[in-house]
């Protein structure tokens, strides 16, 4: 295993995660930088709030794709013989986390990005598609029932380690469980203002799906 090759993978994953989909989309199609409005974050939640449902869904999909692609990079590295098959979960985590860090601190737009939840979901989907799908389902259910993107993000993140806990625990799962709860605590911290607004009843709700005119 070459340190240089691994470092290249980490840098590529970071650069991929740094792609500021919300900023570029907002500037290209709406002429605004979403970081100057709403919560000031360059993520899917603030895009829903500032640019609406259509833009929010597009940004969320792109941010999920970033995390999923970064994790897939580890599989490519394994197929090229750069890492051993027994190390695949470890490097999926390494490359996935690099993409999440890139999303939060994107080099292309002054290191001011989003909260990384959608990219984290893409990472989870790449590591464990079944559990990742359940996390996505929890997010959607919470969003549809409460209209709170932030609450869906937090509960969707919490679902990952909880689901691993109630399934068969393997050596790799123990690491994922610890990291999963760590990710949840980080997401909870980055959403502390949203939590206060939810408790106060002042959090913005997303009109999703949009109501049809009658």
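The values are calculated or read from the model by the stated rules, or taken from the named source; none is laboratory data. Since the model is a prediction, treat every value here as computed from it, not as a measurement. Backbone-built Cβ (ideal geometry, glycine too); neighbour counts: all protein chains shown.
Couple of notes before you dig in:
- On inspection, residue 56 qualifies as touching a residue at least 24 places away in the same chain (Cβ under 8 Å), crowded, with 22+ Cβ neighbours inside 10 Å and either within 20 Å of residue 139 (Cβ to Cβ) or touching a strand residue (DSSP E or B) at 6+ places or on another chain (Cβ under 7 Å) (or both).
- Extreme residue, farthest from the chain's Cα centre (by Cα), among residues of the stretch 65-123 that are under 29 Å from residue 24 (Cα atoms) and without any contact (Cβ under 8 Å) to a residue 12 or more places away in the chain: 76
- Restricting the stretch 82-91 to residues that are in a helix (DSSP H, G or I) and surrounded by 15 or more Cβ atoms within 10 Å (Cβ to Cβ) leaves a set whose member that is modelled with the highest pLDDT is 91.
- Look at the stretch 185-202: where a residue is surrounded by fewer than 16 Cβ atoms within 10 Å (Cβ to Cβ) and a partner is part of a helix (DSSP H, G or I), sitting 6+ places away or on another chain with Cβ atoms under 7 Å, you get 188/154.
- Filtered by the rule that a residue be modelled with pLDDT of 90 or more and under 24 Å from residue 51 (Cβ atoms), the stretch 175-191 gives a lone residue, 187.
- Test: residue in the stretch 40-49 that is surrounded by fewer than 18 Cβ atoms within 10 Å (Cβ to Cβ) and either within 18 Å of the chain's Cα centre (by Cα) or at pLDDT below 90 (or both): yes
- For the stretch 1-81, the helices (runs of 4 or more DSSP H) that sit wholly inside it and include 2 or more residues that are closer than 20 Å to residue 98 by Cβ are 3-18, 21-25, 53-79.
- Any chance residue 26 is surrounded by 15 or more Cβ atoms within 10 Å (Cβ to Cβ) and under 13 Å from the mean Cα position of the chain (by Cα): no
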